[in-house]
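Please read the structure below before turning to the comments.
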Amino acid sequence: MLNRLFKKKEEKKDPFVSGLYGFVIGDAFGLPIEFMNRDRLKQNPVTDMIPMGTYRFPIGTWSDDSSMIFATMDAFKKETELPKIYRQMLRNFLDWKHRGEFTPNGEMFDIEKTTEIALRRYQIQVLRDHPEHISCGMTQLSSNGNGSLMRILPVAFYLYQTDIDVMSKEAWEMVKTVSSMTHAHIYSVLGCYIYVIYVIELLKGCEKHTAYQNMQEKINQLEEYQEDLHSIYKRISTVDLATVKEEKIGSSGYIVETLEAVLWSILTTDSFSDAVVCATNLGDDTDTIGALTGALAGIIYGYEAIPEKWLNYIKKRKWVDQEIASFDQYLKQLSIETKKSEE
Ligand SMILES: [Mg+2]
């Protein structure tokens, strides 16, 4: 009996695992309806994972969002020092872009515009002359798509497991560096940072509304960036998004709209499935909004709350299982090493 109890406890998946599966499911759920507008989805809501759609792929196919997450996780697992991890990330992104690594079907089939330009710039200008450089991201106002936000989740897990205070300069620099590989404008960096803070509050075990308030308190302490926060991220930094009406929530690939849509979907629903269905039925950039929402919902509601049917649909499931399990192992080891070094 005791053995059975222990076994059951062991089998319980931690929030890193449920967050990552949630991410992949949200991505695969949203992909077939990517770019569909909200009015059309209102008439025919999508409440289950479906095949075909924009790219004519089978059910459970995940896209660039998950590919970039897997490429980022792989870099953390392969290297131990941060500068090397960063360079490995960029190498992995190029392997994804040119060789179809980290994809469900062996080829890269979608890429966010700014990511495409930045990676091309990295390959042509930076890698050849300055292979030690990692900053090749775009700094224009128009380069604020959600391309770096979609791959920032592993950074939140890393910061949490290494006990690095999210309000420290070290944490800010890490988020900034990783975003700036492709998206170097302050709006993108701030968007990634807000998501990372919210994820860490959830990992600490805070209830989702409390986590949201804590995140607001934290970002309002960022004296240097108050102007940007109170113009671009005004609603996220000062308003309870849950009280905002759906018609006031955008769902484009612009990082500010994506982040608002994700947080709004989380705050206005009460289960994993409802969060993913709500997020993706907002329309437009459904895969990224679905993925980012799915990750938060996975962390909040746990692995058991993810419908098994959706887990079984995930394309290249065995490989996905291995990638997630090995990253989870890496994170556990990271925490053990951090505690040892603190003693
Ligand atoms: Mg995508």
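Each reported figure results from applying straightforward, stated rules to the coordinates on display, with no laboratory input. Quick caveat, the model's predicted, so the values are computed rather than measured. Don't worry about glycine lacking a Cβ; one is built from the backbone with ideal geometry, like all the others, and counts go over all protein chains shown.
In a fully extended conformation the segment linking residue 238 and residue 43 would gain 66.9 nm over its present Cα-Cα distance, using 0.36 nm per residue. A P(r) calculated from all alpha carbon pairs of the chain, with 20 Å bins opening at zero, reads 33, 61, 6, 0 percent.
I need the shape label for region 199-289. Rule: rounded when a/c is under 1.5, else prolate if a/b > b/c, else oblate, with a, b, c from the alpha carbon gyration tensor. Judged from the Cα gyration tensor, region 199-289 comes out oblate (a/c at least 1.5, b/c at or above a/b). Under a model in which nothing but the beta-carbon of Lys, Arg (+1) and Asp, Glu (-1) is charged, the chain shows a dipole of about 820 debye around its Cα centre. Residue separation of residue 318 and residue 140 scaled by 0.36 nm, minus their Cα-Cα distance, works out to 60.1 nm of gained length.
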